[in-house]
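Input: a single structure, listed below in structure tokens.
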Amino acid sequence: MTQCSIEEKRAAVATQVRKAVASVEVYDIHTHLYDPAFGGLLLCGIDDLLVYHYLVAEGFRQFDMDYDTFWQMSKEEQANVIWNALFIEHSPISESCRGVLTTLNSLGLDVKKRDLPALRQWFSQWEKRKYTSHVMDLAKVGSICMTNSPFDPEERPVWDAGFERDPRFTAALRIDPLLLDWANSSVDLKKWGYDVTAELSEKTICGIRRFLSDWTKRLDAQYLMVSLPPTFGYPGSNECARIMETAVLPHCREHGLPFAMMPGVRRGVNPLLKMAGDGVAKSCLESFANLISAHSDNKFLITALSRENQYELCVMARKFRNLHIFGCWWFTNTPYLINELTSMRTELLGLSFTAQHSDARVLDQIIYKWAHSRQVIGGVLEEKFTDLVDTGWEPTEEEIKRDVGDLFGGAFRKFCS
């Protein structure tokens, strides 16, 4: 019997990698989706896909109308003008547009007919809970982590009223107002029965800790999180740094929870675009290194928005075992950058990171976001594993499945445990 050639071994490993990536069940560790029990807060369907803020921003590059005219339209009318501008009058080749088409095609719909009313009719037949299961099955997503804010006036009443949890949906406690707008959030906490004042006294810090504890238990939160502007600095004497150091991080240590930070967003670069008007800027990662170094007993999750921060963040993760990098966030969630970042991370960090999260705001988006990400990440992993064959190391099928599982949620679970 002749020995297998290197080319045959490489081909066999490549096949195993593609199969493992295509079949792995994902833990989507950061989304803006909701348990179906939240009703209308769980967005889904063709109109929500089309008025997603990515497409709104693209649409305004083609619209011949002012901002107020668009915002006064109904959701269906907004979807109509976006469909016409980005899909009918121009070929839909951007990642956001292609994503809509991948989603529709995966659902078995005929996109070449360009029939928006027929698409609406198809979506209208679904009951939301059944549709949620259908979409998660198509995307091969086993668990979805929500983003949950006690400060959200639409979301908070659902938690207050109570509901039967869907076990596929986990929660993350989002605390942006607490850290970035203490003047107003202190008023909210006081109104909700917590003994706090605008002054960050010891009594106020105790009140904040009690607030965090109550909501961590109510949500069964998997981690706490905040999106930070590029101006964030640490150490510092501002309210954000003080609340983080005296309340948030001690709370995370007490409850054994990671603290997720998402640096680099510039809010309201163009306020006329509303949610679509946020931008990006490079952050000072030295501040984050200072924070992580000063709190070695805490666990930190970071995904950065700016491409220019990615290399420094990777090197930082090599130095701090209590830091876990996750996903390609927002403007980096495009195939070109997913490929670049996954390659760099595997070369610097091996398998000790989470390759992707969907950041989906519309349920249906997990279909395309994971289909596109699997394709790109799978290509990177195919290259890395077949490179091993050239060294004489032959990864087994079980080893490949194990490692792929880590990159698609397993490493996150281990880090959090």
**Request:** Mind checking the stretch 355-397 for chymotrypsin sites (Phe, Trp or Tyr not before Pro) that DSSP puts in a loop (not H, G, I, E or B) and that have at most 15 other Cβ atoms within 10 Å?
**Result:** 393
**Request:** With only Lys, Arg, Asp and Glu charged, each at its Cβ (+1 for the first two, -1 for the last two), find how big the charge dipole of the stretch 298-417 is about the Cα centre; round to the nearest 20 debye.
**Result:** 680 debye
**Request:** Provide Rg over Rh for the stretch 1-86; use the alpha carbon set for both Rg and the Kirkwood Rh (inverse mean inverse pair distance).
**Result:** 1.32
**Item:** Sequence-separation-based contact order of the stretch 124-263, relative, with Cα cut under 8 Å and 6+ spacing, percent
**Value:** 22 percent
**Request:** Would you pull out the residues with amide H under 5 Å of residue 266's amide H, same chain only if 5 or more places away, H placed 1.01 Å from N?
**Result:** 279, 280, 281
**Message:** Given axes a ≥ b ≥ c from the Cα gyration tensor, I'd like to know whether the stretch 286-358 is rounded (a/c under 1.5), prolate (a/b larger than b/c) or oblate.
**Reply:** prolate
**Message:** Using only alpha-carbon positions, what ratio does the radius of gyration of the stretch 1-45 give when scaled by 2.2 N^0.38 Å?
**Reply:** 2.21
**Over the stretch 367-417, equivalent-ellipsoid semi-axes from the Cα gyration tensor in Å** = 22, 17, 8
**Request:** Check each of the GluC sites (Glu not before Pro) in the stretch 244-311 and keep only those in coil by DSSP with at most 11 other C-beta atoms within 10 angstrom; list them in order.
**Result:** none
**Asked** Where does the stretch 105-200 land on Rg(C-alpha)/(2.2 N^0.38 Å)?
**Response** 1.60
**As computed over the stretch 247-338, the Cα convex hull volume per residue (Å³)** = 114 Å³
**Complete:** GNM on the chain, Cα springs under 10 Å; top mean-square fluctuation among 193, 405, 268 goes to 193
**Complete:** Expressed to one decimal in nm², the mean projection of the alpha carbon convex hull of the chain is 22.6 nm²
**Request:** Report, in whole Å, the centroid distance computed from the Cα atoms of the stretch 124-194 and the stretch 267-330.
**Result:** 23 Å
**Request:** Please report the orientation-averaged projected area of the stretch 165-262, defined via the convex hull of its C-alpha atoms, in nm².
**Result:** 6.6 nm²
**Request:** Compute the Cα gyration tensor for the stretch 267-417, then decide on rounded, prolate or oblate, letting a ≥ b ≥ c be the square roots of its eigenvalues: rounded whenever a/c is under 1.5, prolate when a/b is larger than b/c in the other cases, and oblate in all that remain.
**Result:** oblate
**Estimated FRET transfer efficiency (residue 296, residue 101; beta-carbon r; R0 45 Å; 0.05)** = 0.45
**Antiparallel %, DSSP beta bridges [both residues in the chain], to 5** = 10 percent
**Item:** Count, lysine Cα pairs under 22 Å in the stretch 110-244, 8 or more residues apart or across chains
**Value:** 7
**Spacing of the two label points (7 Å from each Cα toward its C-beta) at residue 344 and residue 184, in nm** = 3.4 nm
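Read-outs: derived from the displayed coordinates by stated rules, not from any lab. Note that the structure is a prediction, hence the values are computed from the model and not measured. Counting neighbours? That spans all protein chains shown, and the Cβs are built from the backbone with ideal geometry, glycine included.
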